[in-house]
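Asks: After the structure tokens below, expect a handful of questions from me.
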Amino acid sequence: MELVDLQALEVEAEVSEEQLSRIRIGQPALIFLDALPERAFPGQVATVRPSIDRSKATATVLVRFQ
């Protein structure tokens, strides 16, 4: 058995540069995992990294599990 504190976990999501203006810290989010595709986990935007990856035109957003 393994116990995990989901509040200590976060995921990185790539957001397109054109959608970035719609993302705010504290905003609710849904987290979908490849391992459990039928389930959505509630999350909250924790950090929006200000740098843009020019090769993909994306920014990284960190979302914490709630």
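Asks: How many residues are more than 21 Å from VAL4 (Cβ to Cβ), free of Cβ contacts under 8 Å to residues at least 12 places away in the same chain and surrounded by 10 or more Cβ atoms within 10 Å (Cβ to Cβ) if we restrict to the stretch 17-52?
Replies: Looking only at that region, the number is 1.
Asks: Open to solvent by 100 Å² or more (accessible area, probe 1.4 Å) and modelled with pLDDT under 90, is that true of GLU2?
Replies: yes
Asks: Regarding GLN66, is this residue at pLDDT below 90 and touching a Gly at 6+ places or on another chain (Cβ under 9 Å)?
Replies: Taking the combined requirement at face value, the residue satisfies it.
Asks: I'd like the residue in the stretch 53-64 that is of a type in the set (Gly, Ala, Ser) and not in a strand (DSSP E or B) and, out of all such residues, is surrounded by the fewest Cβ atoms within 10 Å (Cβ to Cβ).
Replies: To start, the set of residues in the stretch 53-64 that are of a type in the set (Gly, Ala, Ser) comprises 55, 57, 59.
Applying the additional criterion that residues be not in a strand (DSSP E or B) yields 55, 57.
Numbers: SER55: 6, ALA57: 12.
By that ranking, first place goes to SER55.
Asks: Also, quick follow-up: All but one of (1) at pLDDT 90 or above; (2) of a type in the set (A, V, I, L, M); (3) in contact with a Phe, Trp or Tyr (Cβ under 8 Å, 6 or more places away or on another chain) hold for VAL45; state the number of the condition that does not hold.
Replies: (3)
The values are calculated or read from the model by the stated rules, or taken from the named source; none is laboratory data. Predicted model only: the values in this text are computed from it and were never measured. Don't worry about glycine lacking a Cβ; one is built from the backbone with ideal geometry, like all the others, and counts go over all protein chains shown. Areas reflect the complete protein model, heavy atoms only, side chains present, ligands, DNA and RNA absent. Shrake-Rupley method; radii C 1.70, N 1.55, O 1.52, S 1.80 Å.
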